[in-house]
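Q: One structure, as structure tokens, below. Some questions next.
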């Protein structure tokens, strides 16, 4: 009997998108039927657990819902309503699973390894394609495994420019990207190098003109910027001058309310006693979280105004 599968994946970066595509390929290999795909980001409206009653298998990759919601899904799974497989690597999500009692969900959780690599390992073993390894290194800011400046960063830029950020953009070329990595990666990387040289000049000018100082956790020197771009090149020109880097992005939530997406980044090892994911979760609740050196939150307008006026996070 064919399983009815739904894949819930982190929709805003290539780690989550490629994780979702890996599961989509696996489901097709197993069932011959495409699964339903739900792209999710922190702060998005969450469907109630009853909306998933028609599925046999829920597979969550690089994403989790707030702890109370995850627990409700876990309880339904224990009752036999559906199966759940959860693959994640965010320290805030893993900690919540232990605190709220759903840490034994099937799947794979490991801090320090990107979700796309964990997803490939879980479904296909250890023969991880080169492009998945490159994307994984970027997501966890692993600058030692590959050439960060000449391989990892250019690939990110090339994928954004050539295809776009979205499962619906990547899926049509996904199999080709993983099966012909040795042929396609060099071409994409060369394109990315050209893009990054241009972006470095552009971002340097933007930071000089529009960035402003902030204080994080009462003691760390930060720099912030309003914008939609948040790559490693945005603050490259001042990377050795601050502890924490911040981008705010204004948007509307599903109810039409004005909200702000806050992204924080710290160079690995720069502030070893600080965990940005845990800190943002403590400050802003379930709509925040992430990694020790890269994390985000969705905050309401009034919280943003307060932060902007105080220049403190």
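The values are calculated or read from the model by the stated rules, or taken from the named source; none is laboratory data. Only a predicted model underlies this, so the values are computations on that prediction, with no experimental measurement involved. Glycine also receives a Cβ, built like all others from the backbone with ideal geometry; neighbour counts cover every protein chain displayed.
Q: Quick one: what pairs do we get from the range 196-216, first residue assigned by TED's automatic domain parsing to the domain that holds residue 246, second surrounded by fewer than 12 Cβ atoms within 10 Å (Cβ to Cβ) and part of a strand (DSSP E or B), C-beta under 7 Å, 6+ apart or different chains?
A: Sorted first by the residue in the range 196-216, then by its partner, the list stays empty.
Q: Hey, among the residues in the range 165-183 that are over 18 Å from residue 13 (Cα atoms) and without any contact (Cβ under 8 Å) to a residue 40 or more places away in the chain, which one's surrounded by the fewest Cβ atoms within 10 Å (Cβ to Cβ)?
A: That would be 183.
Q: Within the range 123-132, can you find the residues that are over 24 Å from residue 187 (Cα atoms) and surrounded by fewer than 19 Cβ atoms within 10 Å (Cβ to Cβ)? Give the steps one after another, and end with the answer.
A: First, the residues of the range 123-132 that are over 24 Å from residue 187 (Cα atoms): 123-126.
Answer for the range 123-132, where residues must be over 24 Å from residue 187 (Cα atoms) and surrounded by fewer than 19 Cβ atoms within 10 Å (Cβ to Cβ): 124, 125, 126.
Q: Within the range 105-127, which residues are modelled with pLDDT of 95 or more and more than 19 Å from the chain's Cα centre (by Cα)? Show your work before the answer.
A: Quick first cut of the range 105-127, residues modelled with pLDDT of 95 or more only: 105-110, 113-124.
Passing the criteria: 105, 106, 123, 124.
Q: Residue 102 - would you say it is in contact with a strand residue (DSSP E or B) (Cβ under 8 Å, 6 or more places away or on another chain) and at negative phi?
A: Numbers: in contact with a strand residue (DSSP E or B) (Cβ under 8 Å, 6 or more places away or on another chain): no; at negative phi: yes.
Against the criterion (in contact with a strand residue (DSSP E or B) (Cβ under 8 Å, 6 or more places away or on another chain) and at negative phi), residue 102 does not qualify.
Q: Run down 153, 135 and say which single residue is surrounded by 13 or more Cβ atoms within 10 Å (Cβ to Cβ) and closer than 16 Å to residue 22 by Cβ.
A: Values: 153 fails: closer than 16 Å to residue 22 by Cβ.
Result: 135 is the single residue among 153, 135 that is surrounded by 13 or more Cβ atoms within 10 Å (Cβ to Cβ) and closer than 16 Å to residue 22 by Cβ.
Q: Please indicate, with yes or no, whether at least one residue in the range 57-67 is assigned to a helix (DSSP H, G or I), crowded, with 16+ Cβ neighbours inside 10 Å and in contact with a strand residue (DSSP E or B) (Cβ under 6 Å, 6 or more places away or on another chain). Talk me through it step by step, then tell me what you get.
A: Step one: filter the range 57-67 for residues assigned to a helix (DSSP H, G or I), giving 67.
Then drop every residue that is not crowded, with 16+ Cβ neighbours inside 10 Å, which leaves 67.
In the following step, the residues that additionally are in contact with a strand residue (DSSP E or B) (Cβ under 6 Å, 6 or more places away or on another chain) were identified as none.
No, that holds for no residue.
Q: Being part of a loop (DSSP other than H, G, I, E, B) and touching a residue at least 12 places away in the same chain (Cβ under 8 Å) is the filter; apply it to the range 129-164 and report the residue that is farthest from residue 235 (Cα to Cα).
A: In the first step, residues of the range 129-164 are kept if they are part of a loop (DSSP other than H, G, I, E, B); the result is 129, 140-147, 163-164.
Now narrow it down to the ones that are touching a residue at least 12 places away in the same chain (Cβ under 8 Å): 129, 140-141, 143, 145-146.
Numbers: 129: 30, 140: 18, 141: 15, 143: 17, 145: 22, 146: 21 Å.
Only one residue tops the list, namely 129.
Q: Does any residue of the range 30-49 turn out to be assigned to a strand (DSSP E or B), surrounded by fewer than 18 Cβ atoms within 10 Å (Cβ to Cβ) and at pLDDT 95 or above? It would help to see each step written out before you state the result.
A: Step one: of the range 30-49, the residues assigned to a strand (DSSP E or B) are 36-40.
Now restrict to residues that are surrounded by fewer than 18 Cβ atoms within 10 Å (Cβ to Cβ): 36.
Now drop any that are not at pLDDT 95 or above, which leaves 36.
Yes.
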